[in-house]
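Q: I'd like to ask some things about the structure below.
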Amino acid sequence: MGLETLEEQQRRALAEVLDAYPEKAKKNRSKHLGVGTPEDDASKTCGGVRSNKKTVPGVMSQRGCAYAGSRGVVWGPIKDMIHISHGPIGCGQYSRGGRRNYYIGTTGIDAFTTMNFSTDFQEKDIVFGGDKKLNKSLDEINELFPLNNGISIQSECPIGLIGDDIGAVSKEKTKETGKVVIPVNCEGFRGVSQSLGHHIANDAIRDYVFPQFSAEAKDLVSTPYDVAIIGDYNIGGDAWSSRILLEEMGLRVVAQWSGDATFKEMAMTPKVKLNLLHCYRSMNYISRHMEKEYGIPWMEYNFFGPSRTDESLRKIAAFFDESIQAKTEEVIAKYKKMYDEVLAKYRPRLEGKKVMLFVGGLRPRHVIGSYEDLGMHVIGTGYEFAHDDDYKRTTEEIARSTIIYDDVNEYELEAFVKKMQPDLVASGIKEKYVFQKMGLPYRQMHSWDYSGPYHGYDGFAIFAKDMDLAINSPVWSHSKAPWDNN
């Protein structure tokens, strides 16, 4: 790197990326790009970036919509309910279980996560309304899948425009069948990203699931060690991997939201002693509600990488008595030998490699520790749909100066990669083939590239192996990165 420090190189890259814009676009985007450091305490956010604003019209954003945030993230993984997309089949196709939310159950009998339900709107439904079609679809669902434990109706954009009253249909059908039918007005045009969809989904849980608390939790005998996992969608089995550790330290996991979740588990959650929040962005709203309404405290945890897992287990144990704290130390000691062997094998192969991240939810900050445990350096990170408090939390995770990019577009990310020349890019599926065609090692970090789990000590062993395979694969010797051609 010569005399130029990493931070100076990053600030130069930032200036050059912005210089390509017309003045108005440059002014707008300069608010969303910055260089953060671990000493950024004085700034409101890491790198001083702004977030949760509208994307510049005409720019190719990687964001999703409110419907995606509700149907795809929060509601979709609840396995014993059926989630019907109300609107055209185009967005309805998204309702297939593409996020690899693992679940236990018999698909089509008592579990429905990977099935696709849509009212398949046509032109006449837009003109004359879709209430009757929705009513008929709900009847068909109950006839064909009688063991479902409820239905959620996920609105697509046209529903908000034509004014279908899904609330009235839900109320009528609940009364008729005795099963809960939940309207979720998550039309895609609402808000600036999928983030509002998370909030709307949380509100629907508050309004339609928690009122069932008394009935669903009447037989639950509480213990002092009851907890719920909130905001883990069990991608590749992540929640199962986390649950093993919590149960080994003596806690009872009453519910996990919403990966491999059931309606009953979620309704019983107000009876637990502590909510453990994994994805802050998508589930902080319902966690705060339970704290205010039921007096249940919540805390964030991070099970990516052994350093953060050790830290989080001790933080969770500190909430409980000495017996739990002693068991927690036994759990950490038990797994230390295993993860020391993982580090001994993979760290020498990955030490000093540079990584750039661009993901959603909690990953842009939570996975940094996994890379750092392997001796890798995260030099750039950013979120698709974060708020300022996500960027504030990022300051606590970064180990060195890091380029921070909010809602980065294709041009910016590609330009940053060319200027910073990382050894690995880890982001969503939309960017995967761009960088692989550039001859760059790549990992898809939304659903772990068909791998996982990545949570906990067991997950770290898989994570380390995957990063080694991505970076040290012999395939890259047959393809050159653009800067190598120069």
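Q: Taking R0 as 45 Å, what FRET efficiency do you get between Met60 and Thr223 from their Cβ-Cβ distance, rounded to the nearest 0.05?
A: 0.30
Q: Here's something else I'd like to know. Roughly how big is the chain's charge dipole about its Cα centre, with Cβ charges of +1 (Lys, Arg) and -1 (Asp, Glu), in debye to the nearest 20?
A: Around 640 debye, computed over the chain.
Q: With charges only on Cβ, +1 for K and R and -1 for D and E, what is the dipole size of region 368-429 about its Cα centre, in debye, rounded to 20?
A: 300 debye
Q: For Tyr21, Tyr457, what's the largest-to-smallest order of accessible area, 1.4 Å probe?
A: The ordering from most to least exposed comes out as Tyr21, Tyr457.
Q: To continue, here is another question. Once both axes come from the Cα atoms, what is the angle between helix 456-472 and the longest principal axis of the chain, in degrees from 0 to 90, rounded to 10?
A: 50 degrees
Q: Sticking with this structure for a sec: Skipping prolines and chain starts, which residues have an amide H placed within reach, meaning under 5 Å, of the one on His83, given they are 5 or more residues away or on another chain?
A: The list, which skips near neighbours in sequence, is Ser152.
Q: Here's a follow-up. Could you order Lys437, Lys27, Lys354 so the one with the most accessible surface comes first? Probe is 1.4 Å.
A: The ranking, largest first, comes out as Lys437, Lys27, Lys354.
Q: If the reach is capped at under 16 angstrom between alpha carbons, list the lysines near Lys79, excluding any in the same chain fewer than eight residues apart.
A: Result set, ordered by chain and number: Lys179, Lys264.
Q: How high is the relative contact order of the chain, in percent, counting Cα pairs under 8 Å that sit 6 or more residues apart?
A: Relative contact order of the chain: 19 percent.
Q: Can you give me the long-range amide H partners of Val35? Hydrogens built in the peptide plane at 1.01 Å from N, cutoff under 5 Å, separation of 5 or more residues or another chain.
A: Ile404
Q: Here's something else I'd like to know. Let me make sure I get this right: for region 369-486, a, b and c are the square roots of the gyration tensor eigenvalues over alpha carbons, sorted descending. Under 1.5 in a/c it's rounded, otherwise prolate if a/b > b/c, else oblate. Which is it?
A: It is oblate, given that a/c is not under 1.5 and a/b is not larger than b/c.
Q: Next up: Take the solvent-accessible surface of the protein heavy atoms, probe 1.4 Å, and return the percent of it on region 33-142 that carbon and sulfur atoms account for.
A: 55 percent
Q: For region 230-296, report the accessible area per residue in Å² (1.4 Å probe, heavy atoms, rounded to an integer).
A: 25 Å²
Q: At a threshold of 8 angstrom on Cα-Cα distance, excluding pairs fewer than six apart, so keeping six or more, what relative contact order does region 340-405 reach in percent?
A: 35 percent
Q: Taking a ≥ b ≥ c as the square roots of the Cα gyration tensor eigenvalues, with a/c under 1.5 meaning rounded and otherwise prolate when a/b beats b/c, else oblate, which class fits region 288-421?
A: Judged from the Cα gyration tensor, region 288-421 comes out oblate (a/c at least 1.5, b/c at or above a/b).
Q: With just the Cα atoms defining each centre, how far is region 275-313 from region 383-401? Give it in Å.
A: Spelled out, the Cα-based centre of one part sits 17 Å from the other.
Q: Also, I was wondering about something else. Helix 195-208 against the longest principal axis of the chain: what's the angle in degrees, Cα atoms only, rounded to the nearest 10?
A: Helix 195-208 sits roughly 30 degrees off the main axis of the chain.
Q: Moving to a separate point now. Could you please report the charge total around Tyr454, scoring K, R as +1 and D, E as -1 over all other residues with beta-carbon less than 9 angstrom from its beta-carbon?
A: -2
Q: How would you classify region 65-161 from its alpha-carbon gyration tensor, with a ≥ b ≥ c the square roots of the eigenvalues: rounded for a/c under 1.5, else prolate if a/b is greater than b/c, otherwise oblate?
A: Oblate shape, in that a/c is at least 1.5 and b/c is the bigger or equal ratio.
Q: In whole Hz and in residue order, list the ³J(HN,Hα) couplings for region 406-416 that follow from phi through the Karplus curve 6.51 cos²θ - 1.76 cosθ + 1.60, θ = phi - 60°; x for Gly and Pro.
A: With the stated coefficients, region 406-416 comes to 9, 6, 5, 9, 4, 4, 5, 5, 5, 5, 4 Hz.
Q: Continuing with this model, one more query. Which length gain, in nm to one decimal place, applies between Asp388 and Ile104 when the Cα-Cα distance is subtracted from 0.36 nm times their residue separation?
A: Full extension of this stretch gives 98.6 nm more.
Q: With Rg and Dmax of the Cα atoms in Å in mind, check (i) 23.1, 74; (ii) 30.5, 93; (iii) 24.1, 77 and report the label derived from this structure.
A: It is the value labelled (i).
Q: Identify the residues of region 320-359 with backbone N under 18 Å of a label point that sits 7 angstrom from the Cα of Met299 along the Cα-to-Cβ direction, or state none.
A: Flagged as within label range: 320-333.
Q: Pop out the carbon and sulfur fraction of the accessible area of region 265-407 as a percent, whole number, probe 1.4 Å.
A: Of all accessible area on region 265-407, carbon and sulfur atoms account for 50 percent.
Q: Could I ask something else about it? Dipole size in debye (nearest 20) for region 325-412 around its Cα centre, Lys and Arg Cβ +1, Asp and Glu Cβ -1?
A: For region 325-412, the charge dipole is close to 640 debye.
Q: Among Val408, Ile324, Ser312, flag the residue with its Cα farthest along the positive direction of the charge dipole of the chain, charges on Cβ as +1 for Lys/Arg and -1 for Asp/Glu.
A: So the residue furthest toward the plus end is Val408.
Q: Report ³J(HN,Hα) in whole Hz for each residue of region 292-303, in order, from the Karplus equation J = 6.51 cos²θ - 1.76 cosθ + 1.60 where θ = phi - 60°; Gly and Pro get x.
A: For region 292-303, the Karplus-derived couplings read 6, 7, 10, x, 8, x, 9, 9, 7, 9, 9, 9 Hz, x marking Gly and Pro.
Q: Can I ask one more? Per residue of region 238-248, in order, report the coupling 6.51 cos²θ - 1.76 cosθ + 1.60 (Karplus, θ = phi - 60°) as ³J(HN,Hα) in whole Hz, putting x for Gly and Pro.
A: 4, 5, 5, 5, 5, 4, 4, 5, 5, 6, 5
Q: Tilt of helix 306-317 relative to the longest C-alpha principal axis of the chain, in degrees (0 to 90, nearest 10)?
A: So the helix axis and the longest Cα principal axis differ by about 40 degrees.
Q: With every protein chain present, what accessible area does Tyr433 have (1.4 Å probe, heavy atoms only), rounded to the nearest 10 Å²?
A: Result for Tyr433: roughly 120 Å² accessible.
Q: Now, a different point. Which of the residue pairs Lys353/Lys418; Lys173/Lys271; Lys354/Lys419; Lys353/Lys392 have a Cα-Cα distance greater than 19 Å in the structure shown?
A: Where the Cα-Cα span goes over 19 Å, the pairs concerned are Lys173/Lys271; Lys353/Lys392.
Q: Right, another one. If the label point is 7 Å along Cα→Cβ of Glu341, which residues in region 360-388 have backbone nitrogen under 16 Å from it?
A: none
Q: Can you pull out the GluC sites (Glu not before Pro) in region 384-486 whose DSSP state is coil and whose Cβ has at most 15 other Cβ atoms within 10 Å?
A: Answer by residue number: Glu396.
The values are calculated or read from the model by the stated rules, or taken from the named source; none is laboratory data. Model, not experiment: these values are computed from the prediction. Positions of Cβ are backbone-derived with ideal geometry, glycine not excepted, and every protein chain shown enters the neighbour counts. When the accessible area is computed, the model is the full protein with side chains, heavy atoms only, and any ligands, DNA or RNA have been set aside. Shrake-Rupley method; radii C 1.70, N 1.55, O 1.52, S 1.80 Å.
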